[in-house]
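Asker: Here's a structure for you.
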Amino acid sequence: ANTQPHWLRVLDYFVNHECREGKDVSAEVEEVLECIHDKSHLPPMLVLQTLSKNKEINMEVVRRYLSKSMDMQNRQIEEAHTESSRLEKETAQMEKEIKALRTKPILFQNNKCSACMNPLDLPSVHFFCMHSYHQRCLEDTEAECPICAPLAHNVWEIQSALARQASDPKSAEKFFRKLKDSSDGFSVVAEQFSRGLFAAPRMDEFT
């Protein structure tokens with residue numbers, strides 16, 4: 001299967017296929033470059049290699065893309081420094097909390113069961129999310145908080161489904177066949193983007 005990042009294939013389609021048919025695709029190319037800049041964060045050199053295949057591409061469009069890319073990289077460097085400082089502080093705080101969990105008692109102050117809302121009595125079960133239950137209100141095999149676990153599982157399932165769709169070679173091939181047959185290529189791109197086909201690529205795709 002073609003492992004080339006999807007946005008590059010879309011750009012290549014407009015730069016090579018459409019341009020060679022005599023169409024002015026400057027607007028479409030600029031829209032794709034906007035999406036690459038905003039959504040996929042592809043390395044600019046990969047994008048420039050694709051653009052260089054057609055000497056008729058409007059250089060002003062390329063200049064605007066490069067300017068935005070450089071501005072974004074500068075912001076990312078600043079954000080990385082800020083994030084590094086934040087993580088150092090969070091790590092220190094987490095180390096304190098871990099030490100406290102190991103050496104100090106945890107105070108649970110709930111006086112009502114989070115399931116039935118009746119006053120807690122023994123035996124009761126307390127979770128680190130700070131929800132508390134009568135033991136009789138939990139299933140015998142329940143090891144997770146009934147309130148918090150479903151949301152966490154739903155998020156994981158959605159992320160997994162989108163990842164499977166984005167990585168399915170057949171989905172990509174169907175998309176490019178549809179793009180080739182469509183008279184409004186960018187609408188096809190927008191539709192598939194909303195379905196997760198254009199997930200941000202992993203860095204190992206470029207190595």
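Asker: Order His126, His131, His37 by their accessible area, 1.4 angstrom probe, all chains in place, largest first.
Answerer: Putting His126, His131, His37 in descending order of accessible area: His126, His131, His37.
Asker: Which value, in Å² rounded to 10, gives the accessible area of Met130 with a 1.4 Å probe and all protein chains present?
Answerer: So the heavy atoms of Met130 present about 90 Å² to solvent.
Asker: Continuing with the same structure: Tell me the accessible surface of Arg86 in square angstrom (1.4 angstrom probe, heavy atoms of protein chains only), to the nearest ten.
Answerer: Its heavy atoms expose roughly 100 Å² to the probe.
Asker: Rolling a 1.4 angstrom probe over the protein chains, ignoring ligands and nucleic acids, what is the accessible area of Leu122 in square angstrom, nearest 10?
Answerer: 150 Å²
Asker: Ignoring ligands, DNA and RNA, how do Trp7, Trp156 rank by accessible area with a 1.4 Å probe, largest first?
Answerer: Most to least solvent-accessible, the answer reads Trp156, Trp7.
The values are calculated or read from the model by the stated rules, or taken from the named source; none is laboratory data. All figures in this text were calculated on a predicted structure; none of them were measured in a lab. Protein only, heavy atoms only, side chains kept; ligands, DNA and RNA dropped before computing areas. Shrake-Rupley method; radii C 1.70, N 1.55, O 1.52, S 1.80 Å.
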